[in-house]
1. Pull up the cross-link candidates among the aspartates and glutamates for residue 127, meaning alpha carbon to alpha carbon under 12 Å and not fewer than 8 places away within one chain.
2. Applying 1/(1 + (r/R0)^6) with R0 = 25 Å to the Cβ-Cβ distance of residue 131 and residue 46, what FRET efficiency is obtained, to the nearest 0.05?
Amino acid sequence: MLPELSLVFQTERKTSLRFPLRPGVHRVGRAADCDIHLMHMSISRVHAVITHSGATIRVADLGSRNGTFVNHERIQDSPLKIGDFVSFGHARCEIVDIAQGDTNRRIASDSTIGPLRDSKDLFPIGKLSQAQLKVFWLLLEAKREREIAEELHLSQHTVHNHARKIFEVLEVTNKADLIKAYGGLR
């Protein structure tokens with residue numbers, strides 16, 4: 001059976017928003033004529049393009065302000081596979097195979113709803129550098145600064161400075177508050 005791919009977003013109401021990915025080119029953005037229309041201030045009018053041709057699926061950022069990320073890494077152009085997490089600005093989704101009953105463990109419902117809305121749960125990711133984003137995702141895994149430094153090949157002092165800046169930008173006071181506020185994004 002051929003995969004029946006979809007992008008599945010979790011909304012602020014813990015329901016899911018599903019966009020089928022049929023073979024072809026899919027424009028992602030706020031513009032009404034985009035194939036994947038997402039009304040969120042962090043998403044550019046024409047943010048990215050997803051190309052699905054047979055067994056190959058790719059995403060390319062179209063110069064968006066807040067970036068496109070695959071599995072937490074900012075990309076310009078990247079292949080995709082089932083299970084990958086893709087973020088357009090602050091809106092995060094997963095590539096799933098509906099035909100196989102493949103669902104995202106983090107998505108609570110399979111109902112389909114209207115456009116993604118602004119949410120207080122979304123954070124100003126555009127203000128964090130790429131290095132800070134890497135530290136951010138590892139902090140959400142409850143890793144210690146020393147472990148993060150070893151994994152990213154940075155000094156512990158550098159990781160500590162990144163963590164302080166992350167806490168400042170996201171308006172939290174420590175790692176426990178960060179996990180409490182943003183742990184659902186993992």
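Coordinate-derived values only; no laboratory data. Because the structure is predicted, anything quoted here is derived from the model rather than measured. Cβ coordinates were reconstructed from backbone atoms using ideal geometry, including for glycine residues, and neighbour counts include every protein chain displayed.
1. 168
2. Given R0 = 25 Å and the Cβ-Cβ separation, E is 0.35.
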